[in-house]
Amino acid sequence: MPVAIHWSPKSPFVRKVMIVLFECGLHERVERIRTVVDRLAPDRAYMADNPLGTIPALVLADGALLSGSALICEYLLTLAPRPGLLPPSGQARFAVLARQAMADGMLDALLFWRQERLRSPARQSAEIHAAYALKAATALDRLERDAAAFPEAPDLGHVAIGCALAWLDLRFSDLDWRCGRDTLALWHRQFEEHPSARANALALDA
């Protein structure tokens, strides 16, 4: 069983895992270890346990550590299976995992873009801004197209999508991702009303 999680209230990947912990009924049994990560200032002490220095990272009772939100979520769902979150096999399972990969990939692109936006204006690249604005818009348009078929009860892929959209609100509010995407905006509003989402809202500090 997991005993602790390296955690931050700012991370959409951490939030995804926390929502799954909540849905599995394990959230009260796992200690939160506030862990600060900076892509440009790696924490060598933390990297001794987690070489990539990323969060989330799940600490197991035997001292082993699992890193990466997708792996952690799959592990948790072997401890407390929730077929509604992740079907056990077949095409339905891979459809969920494909949605999760889409959301995680969009977040990876946005994290890279945010690093570029944090550079001094003189060092920023117009080409990077244009390319990653297009990536974000294209991904969001695909989600808008698909959102009408999203179920009321989200699966793991939808949890990843909901966390990615919330992070856009936190870090890219100027993009106004809801503009022209009414179906996705409505779905996201409903997603944020789920108890597990409300209990694990993103925040800049805690």
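The values are calculated or read from the model by the stated rules, or taken from the named source; none is laboratory data. No experiment lies behind these values; they were computed from the predicted model shown. All Cβ positions, glycine included, derive from the backbone under ideal geometry; neighbour counts span all protein chains shown. SASA here: full protein model, heavy atoms, side chains in, ligands and nucleic acids out. Shrake-Rupley method; radii C 1.70, N 1.55, O 1.52, S 1.80 Å.
Across the range 97-110, rounded Karplus estimates of 3J(HN,Hα) from the backbone phi angles (6.51 cos²θ - 1.76 cosθ + 1.60, θ = phi - 60°) give 5, 5, 5, 4, 4, 4, 5, 5, x, 4, 5, 4, 5, 5 Hz, Gly and Pro being marked x. The value of relative contact order for the range 1-112, using C-alpha pairs under 8 Å at least six residues apart, is 28 percent. Put simply, the amide H of Ala4, placed in the peptide plane, has neighbours under 5 Å in Glu31, Val59, leaving out anything fewer than 5 places away on its chain. Size descriptors for the range 74-118, from the alpha-carbon set: Rg then Dmax equal 14.4, 42 Å. Computed from phi, the 3J(HN,Hα) profile of the range 12-28 under the Karplus parametrisation 6.51, -1.76, 1.60 (θ = phi - 60°) reads x, 5, 4, 4, 4, 5, 5, 5, 5, 4, 5, 5, 8, x, 10, 5, 7 Hz, with x in place of Gly and Pro.
Between the range 128-194 and the range 29-55, the alpha-carbon centres lie 27 Å apart. For the chain, the relative contact order works out to 27 percent when only alpha carbon pairs closer than 8 Å and six or more residues apart are counted.
The residue list Ala133, Gly84, His27 was ranked by how far each Cα lies along the charge dipole of the chain toward its positive end, using unit charges on Cβ atoms, and Ala133 comes out on top.
Rolling a 1.4 Å probe across the protein heavy atoms gives the range 97-206 an accessible surface of 52 Å² per residue. Ordering of 33-45, 6-18 by packing is 6-18, 33-45, highest average first (other Cβ atoms within 10 Å, averaged per residue).
Rolling a 1.4 angstrom probe over the chain with all protein chains present gives an accessible area of which 56% lies on carbon and sulfur atoms. Mean residue ellipticity at 222 nm, helices only, the chain: -17000 deg cm²/dmol; runs of at least 4 DSSP H residues each add -39,500 (n - 2.57), and the sum is divided by the number of residues. Taking all Cα-Cα distances within the range 147-206, those exceeding 15 Å account for 48%. Treating each Cα of the chain as an identical point scatterer and summing with the Debye formula, the log10 of I(q)/I(0) at q = 0.10 Å⁻¹ comes to -0.43.
Backbone N atoms of the range 1-40 closer than 13 Å to the 7 Å Cα→Cβ label point of Leu118 belong to residues 10-11, 36-40.
If you run the Gaussian network model on the chain, springs between alpha carbon atoms under 10 Å, then out of Ala136, Ala48, Ala80 the most flexible one is Ala48. Residue-normalised convex hull volume from the C-alpha trace of the range 63-156: 132 Å³ per residue.
Here the range 153-206 is treated with +1 on each Lys and Arg Cβ and -1 on each Asp and Glu Cβ, and its dipole about the Cα centre works out to around 60 debye.
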